[in-house]
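The values are calculated or read from the model by the stated rules, or taken from the named source; none is laboratory data. These numbers were taken from a predicted model, which means no experiment stands behind them. Note that each Cβ is placed from the backbone with ideal geometry, even for glycine, and that neighbours are counted across all protein chains shown.
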Amino acid sequence: MSTRLVSEELLEARRCEQSGQIGQAVERYRAVIATEPDHVVALHNLACHLRDLGHVDESIPVFQRALAAGGGQAITHSNLAVAYRQMGRHDACIEHLQAAIAADPRLVDARGDHETALREWGGTVALDPGSAEPLIGLAEAHRGLGSTEEALRCLEGARHRLPPDPQPRTRFAKALERMGRREDAIGELRGVVHDHPAFTPARSDLAVALLSAGRPAEARVHFEHLVRVFPSAAGLWMFLSVVYSQMGETDACRQAVARAKSCDPRIVEETFAGFSRHPERPQ
């Protein structure tokens, strides 16, 4: 089957899905996989349909093939977790939900399916009430539905269940920040950086949070540390230029911009386009 025919099969599979002809969509995806055994989209969608049609046992190895093919890790882990939960394999369910968060902490927002996420995370909390991860996911789902009080209640429950590992503590802090609790998030991130000074994701999140909170002098310490660790990270140099600009250090600002451009000439526009505060751009 040529690339053009594969594309046509995928398009026809989508049409079948939209018209409710799931059985025909399954056959279309099988045809694609017969030609391209590692086609991630076809593998993932086939596995989802098999699971939803009640063929959960058959869906598991197809999900695993999609993961092995290397694409769509977060959403594939999430859907595989649902399959394991339907089979009653609770440990595997929790393992893949945690893997989904690790691959993309914004998974709930990215899917935009907060009601489904609420049901899934609620079920997982019931399976593993002593773990912080499901409560953080449940909080994000409540936030997406506008239930801020419920979200904060879930986060408070997660706080008392956090393990010493830096990754879940950092995710917890980021969830707090998305709830509008920036100062609390900064405090949590400070704790992670203190306990795990080599864990750079927490230090990076702390630096950005401090800068967004209008505290460039405090952010500077962390950004300068990060560019020593990652001297070719153009985005870090660009954030550091913002710090210097806000502190009135013009020469240092220009030098940081020059370093950013030397790492990636495109970074200047991309960084400022995504910077929520839109500070004065260094010249």
Fill in the blank from the handout: Selection from region 27-48 of residues buried (at least 20 other Cβ atoms within 10 Å of the Cβ) and part of a helix (DSSP H, G or I) yields 28, 29, 32, 42, 43, 44, 45, 46, 47, 48
Practice task
With respect to residue 74, determine if the residue is within 25 Å of residue 138 (Cα to Cα) and aliphatic (A, V, I, L, M).
Solution key: yes
Practice task
Within region 202-224, identify whether any single residue is in a helix (DSSP H, G or I) and touching an Asp or Glu at 6+ places or on another chain (Cβ under 7 Å), and answer yes or no.
Solution key: yes
Practice task
Working only within region 69-87, note down all residues that are under 19 Å from the mean Cα position of the chain (by Cα) and surrounded by fewer than 20 Cβ atoms within 10 Å (Cβ to Cβ).
Solution key: 70, 71, 72, 73, 74, 75
Practice task
Could you tell me which numbered condition residue 65 fails, if it satisfies all but one of (1) at pLDDT 90 or above; (2) surrounded by fewer than 17 Cβ atoms within 10 Å (Cβ to Cβ); (3) of a type in the set (D, E, K, R)?
Solution key: (2)
Practice task
For residues that are under 23 Å from residue 141 (Cα atoms), surrounded by 20 or more Cβ atoms within 10 Å (Cβ to Cβ) and modelled with pLDDT of 90 or more, tally how many sit in region 173-208.
Solution key: 7
Exercise for the section: Scan region 41-57 and give yes if some residue there is hydrophobic (A, V, I, L, M, F, W, C), modelled with pLDDT of 80 or more and either on the phi > 0 side of the Ramachandran plot or in contact with a Ser or Thr (Cβ under 7 Å, 6 or more places away or on another chain) (or both), otherwise no. Expected result: yes
